[in-house]
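Here is the structure we will look at, set down as structure tokens.
The values are calculated or read from the model by the stated rules, or taken from the named source; none is laboratory data. Treat the numbers as computed from the prediction; the structure is a model and nothing was measured. Cβ: placed from backbone, ideal geometry, glycine included. Neighbour counts: every protein chain shown.
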Amino acid sequence: MMKRIENKALLFDFYGPLLTAKQSKVWDLYYQQDFSLAEIAEEEGISRQAVHDLLKRTEKILKGYEQKLKLIARFRKDKERVKIIGASLAEINREDFANQAAWERHLEISGRIKEIIAEVLEDNSEHFQDN
């Protein structure tokens, strides 16, 4: 259940700007502000069934964008690659280097890489809340 909600949140994060204002508002009210169908219907001046249908159509549209553009799939793949890079850096140790200067150079470079990895993963979690 939680994974399904996360997937819907990602769909909206990536493709929400492509929706109409009404689609976006109803999606936000239902999935992000936890309004009931009846509450949304009242606010929008439409029937509960119309809200339900609009949510289903909007989800189909969002999934269609992902099927065509595959931005979420690429985002997840890139996130995993970044984690692999971090894990690979952690496997390198002092014995892998012929002298102290080479080890210190490695520490300097890997420190910069780790900072970038942390920034990328932090940016992704802030924007997309995908874990």
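Looking for whichever is in a helix (DSSP H, G or I), among the small types (Gly, Ala, Ser) and closer than 30 Å to residue 111 by Cβ here; the options are 73, 41, 90. Which one fits? Even if it seems obvious, please write down each step before you answer.
Numbers: 73 fails: closer than 30 Å to residue 111 by Cβ; 41 fails: closer than 30 Å to residue 111 by Cβ.
Going through 73, 41, 90 in turn, just one is in a helix (DSSP H, G or I), among the small types (Gly, Ala, Ser) and closer than 30 Å to residue 111 by Cβ: 90.
Which condition from (1) touching a residue at least 40 places away in the same chain (Cβ under 8 Å); (2) more than 29 Å from residue 6 (Cα to Cα) is the one that residue 102 breaks?
Result: residue 102 passes all but (1).
Mind listing just one residue for me: the one in segment 1-32 that is at pLDDT 95 or above and among the polar types (S, T, N, Q) and, of those, nearest to residue 58 (Cα to Cα)?
Looking at residues that are at pLDDT 95 or above and among the polar types (S, T, N, Q), I get 23.
In segment 52-81, what residues are crowded, with 16+ Cβ neighbours inside 10 Å and either farther than 24 Å from residue 32 by Cβ or out of contact with any Leu (no Cβ under 9 Å at 6 or more places or on another chain) (or both)?
Matches in segment 52-81: 54 only.
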